[in-house]
């Protein structure tokens, strides 16, 4: 088995991941040497850093879209306050070292891509670390390799420099901390993630259920609540104190969270989800288009809420709120449903469901195969722009709408299979005794070693 070869040399797998990351960065640098990718997030980061430098970081969220587009060719900042500090510091360092060099300058682009590449490597290491005590070295290393070898993951992080690997890292650590009853750590990490971008809210239903089931519930709520509040106040306090009106003081919330939700609740033509199929059939991308008398955007919200309720109910029935495999798989179900049913999502958001699926995938071959299929379907999604150029050039490739429908069907089938399999999955006989919702393991029930190997 491939993972067994990497187990013999503990640094072999991280070295492979690092090689893949730097290879992707090298390709990106080569591409930018001849064609400046003006639509990539790396240019957004530079534009937001420039805005923070000129208007002041505490007034960054008060810049109007019209002004931002006119002066920096990019819409105004819509990431969280923690990310605002990041682009401000990054811009200050860039100016100190390289002055006003363009964003596609090799050293600037390298500095923009390296943090995402490091997160890519760290997610795999985290998977291996948190799974090894429960699943053993082979399965833990397999999970890391499945993540690192996913072509979409490499392209998302090291090539495009997206923040999604960081959010995956936040979700994994938060769920592991919750299962381990480290609620103070969970509160800190989850809040920091939400203050980068809103996507960690996808695991909030599972976390709330686990808090409800936690032994010493009041103490757990207090630990999570106090630490989360402290991080929130430390991050947003300067924005509140540094502006004159409440409209500007709360602009970070309005732009990052309220406006982002309203934006996501529209129909996109690139997500390859349920609404891609509907738009192909109806030739309409208007979110207010009615399906059975209800707007598509409303259908999307209703289906996501239903999926969240079903997933948490499934976790309740299984009474495995302290098992990382079950908890992570339940969160994966919600994250994948959010990709399938939301009327506006980017294709790369499938990464959240895929990463959270991995602890379950390495315990069951069927889910492992499903992960691989979904991972490669996502790779096709990420090739959307290249595919469009190939069609325009008259190359012999399927039309984009057909590829989109095929990928949408694959992902929706994957969601269905994950739900069905999760509902009937039975742990091996060596699984520890079932933990009741409010119960605790006694000393004699503690589990050690390769519990599922």
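Computed from the coordinates by the stated procedures, all read-outs in this text should not be read as laboratory data. It should be emphasised that the depicted structure is a prediction, and the values quoted were computed from it without experimental measurement. Note that each Cβ is placed from the backbone with ideal geometry, even for glycine, and that neighbours are counted across all protein chains shown.
Roughly how tilted is helix 41-55, in degrees to the nearest 10 and between 0 and 90, from the longest Cα axis of the chain?
Once rounded, the angle reads 60 degrees.
What angle do you read, to the nearest 10 degrees and between 0 and 90, between the alpha-carbon axis of helix 217-241 and the longest principal axis of the chain?
Roughly 10 degrees between the two axes.
Counting only C-alpha contacts under 8 Å and six or more residues apart, can you give the relative contact order of region 265-438 as a whole percent?
Relative CO of region 265-438 lands at 27 percent.
Calculate for the chain the 222 nm mean residue ellipticity that helices alone would give, adding -39,500 (n - 2.57) per DSSP H run of length 4 or more and normalising by residue count, nearest 500 deg cm²/dmol.
Rounded to the nearest 500, the figure is -22000 deg cm²/dmol.
How high is the relative contact order of region 38-103, given as a whole-number percent (alpha carbon pairs under 8 Å, six or more residues apart)?
Contact order relative to length: 40 percent.
Sort out for me the Cα centre separation of region 69-103 from region 287-344, rounded to whole Å.
First find each Cα centre; the distance between them is then 35 Å.
In the set (1) 27.7; (2) 23.6; (3) 20.5, which value of mean projected area of the Cα convex hull in nm² was calculated from the structure you see?
Given (1) 27.7; (2) 23.6; (3) 20.5, the structure-derived one carries the label (2).
Averaging sequence separations of C-alpha pairs under 8 Å and six or more residues apart, then dividing by the length of the chain, give the relative contact order as a whole percent.
17 percent
With angles folded into 0 to 90 degrees, how steeply does helix 164-179 sit against the dominant principal axis of the chain? Use alpha carbons for both and round to 10.
On a 0 to 90 degree scale, this one is about 30.
Counting other beta carbons within 10 Å of each Cβ, put 285, 229, 191 in order, fewest first.
Ranked by crowding around the Cβ, least crowded first: 229, 285, 191.
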